Amino acid sequence: MDPRDVLERPAPPADETRRYGEHPDQVIDFRGAGPLVVFVHGGFWRPEYDRAHAGPLSAGLAEAGFTVATIEYRRTGWEGSSADVRAALASLDEPRVVIGHSAGGHLALLFSPVPVLALAPVTDLPRAYELDLDGGAVRDFLGGSPAGLPDVYAAAEPSRPATLIHGTLDEQVPVELSRAYAARTGSRLVELPDTEHFGLIDPLSAAWPSVLSELRALL
C-alpha cells in the first residue's frame, strides 16, 4: 500500500463545522465525544494541502474516544497562517492536547497553550531551509532566507518542550530535525523504525498505536 493513500482516503464527514473568522479557511471541524484534542494539519504550509487529508486521522481519534477539533487555516505565508492558528486555538474551550503533523507540528509547537504532540514536525527552520524541504517550502512560507530575514526566522522558531514522534524512514521531514529539537529543548522524542512520514497520520498503520499511546500519556 502506498503510504500516501491516506491523503485521499474517504472518511466520515465532520459532526459539526464552526467558523472562527470570515475567511473561507477560518473553520474548525468537530468529531467525536470525549476529551478535547486539537489537530493542526501539515502540507508544508502550502494552499494545495487542506484539512481534507486529515479526515482519516480525525475520524480515528474520534473512534478512540476523543472530541477532535481539526482546524483549517490560511496557507498564504507566515502572517496568515500564524494569525489563524492563534485565533483558532483561542476560540476553543479548554483543549487538553494539541497535535500537529509536519508543518502543522511546527505551528502547534509555536502557538499551543497546552501540551503538544508533534508528529514529524518541521523544526530548525534555517536547517530546513538549507535542506530545501519540499522545494523551497520554508523560503516560500517565511518569504526569504535566514540570512535575509533573521528576525522572521527567530520569531517563527519554536522552543517549547513537547512530545515528538518521528519515523526513521521519513523522507519529507528528516528525523535529524526532531533529534536536534529534542536535544535543544529537552523534549521527549519517540523514534519509530520502519515508519515514514504519512504513517503517523494513518489509523491503519503500524505507527498508530504509538500515536494513541503518547496522546493518552499527555492527558
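The values are calculated or read from the model by the stated rules, or taken from the named source; none is laboratory data. This one's a predicted model, so the numbers in the text were calculated from it and none came from an experiment. Counting neighbours? That spans all protein chains shown, and the Cβs are built from the backbone with ideal geometry, glycine included. Please note that ligands, DNA and RNA were not included when accessible areas were found on the heavy atoms of the full protein model with its side chains. Shrake-Rupley method; radii C 1.70, N 1.55, O 1.52, S 1.80 Å.
Please list, ordered by chain and number, the residues whose modelled amide H lies under 5 Å from the amide H of Ile99; skip anything fewer than 5 residues away on the same chain.
Residues meeting the amide H criterion: Val38, Phe39, Val40, Leu117.
Can you give the percent of C-alpha pairs in the stretch 1-98 whose distance is more than 20 Å? Display every interim value, and only then the final one.
Numbers: 1634 of 4753 pairs.
Tail of P(r) above 20 Å: 34 percent of Cα pairs.
Pairs of Cα atoms under 8 Å, at least six residues apart: use those to get the relative contact order of the chain, whole percent. Could the numbers behind the result be given before it?
Working: 457 pairs, mean separation 39.0, N = 219.
About 18 percent, as a whole number.
Collect residues whose amide H, placed 1.01 Å from N in the peptide plane, falls under 5 Å from the amide H of Leu189; neighbours closer than 5 in sequence don't count.
Amide H to amide H, under 5 Å and 5 or more residues apart or across chains, Leu189 pairs with Leu164.
Before rounding to the nearest 500, sum -39500 (n - 2.57) across all DSSP H runs of length at least 4 in the chain and divide by the residue total; then give [θ] at 222 nm in deg cm²/dmol.
On the way: 8 runs with 72 residues, N = 219.
Rounded to the nearest 500, it is -9500 deg cm²/dmol.
Let me see the P(r) profile for the stretch 114-207: every Cα-Cα distance counted, bins of 5 Å, each bin given as a percent of all pairs.
Binned Cα distances yield the sequence 3, 14, 23, 21, 20, 13, 5, 1, 0.
Which net charge results for the neighbourhood of Leu212, defined as the other residues with beta-carbon distances under 13 angstrom from its beta-carbon, given Lys and Arg at +1 and Asp and Glu at -1?
Numbers: positive: Arg216; negative: Glu63, Asp202, Glu214.
Here the count lands on -2.
Please compute the per residue accessible area over the chain with all protein chains in place, 1.4 Å probe, rounded to a whole number of Å².
Numbers: 9200 Å² over 219 residues.
I get 42 Å² per residue for this part.
Label Asp5 and Ala206 with points 7 Å out from Cα along Cα→Cβ: what is the distance between them in nm?
1.6 nm
Measuring from centroid to centroid over Cα atoms, what is the spacing of the stretch 126-194 and the stretch 5-82 in Å?
If you average the Cα positions of each part, the centres end up 22 Å apart.
Give me the orientation-averaged projected area of the Cα convex hull of the chain, in nm², one decimal. Please list the in-between numbers first.
On the way: hull surface 43.2 nm².
Quarter of the Cα hull surface area: 10.8 nm².
How much of the accessible area of the chain, in percent, comes from carbon and sulfur atoms when a 1.4 Å probe is used? Present the calculation step by step, with values, prior to reporting the outcome.
On the way: 4580 of 9200 Å².
Carbon and sulfur atoms account for 50 percent of the accessible area of the chain.
If I take R0 = 41 Å and measure r between the Cβ atoms of Ser213 and Ala147 in this structure, what FRET efficiency does the formula 1/(1 + (r/R0)^6) give, to the nearest 0.05?
Working: r = 41 Å, r/R0 = 1.00.
Plugging the Cβ-Cβ distance into 1/(1 + (r/R0)^6) gives 0.50.
Top mean-square fluctuation among Gly77, Gly21, Gly148, Gaussian network model of the chain, C-alpha springs under 10 Å?
Among Gly77, Gly21, Gly148, the largest mean-square fluctuation in the Gaussian network model of the chain belongs to Gly148.
If ligands, DNA and RNA are left out, what is the accessible area of Asp140 with a 1.4 Å probe, given in Å² to the nearest 10?
80 Å²
Once you list every other residue whose beta carbon is under 13 Å from the beta carbon of Glu191, what net charge do they have if Lys and Arg are +1 and Asp and Glu are -1? List each step's numbers first, then the result.
Details: positive: Arg179, Arg188; negative: Asp170, Glu176, Asp194, Glu196, Glu214.
Once positives and negatives cancel, what remains is -3.
Could you rank the peptides 105-115, 81-91 by their average count of other C-beta atoms within 10 Å per residue, with the highest value first?
Working: 105-115: 23.9, 81-91: 18.9.
The peptides rank, most packed first, as 105-115, 81-91.
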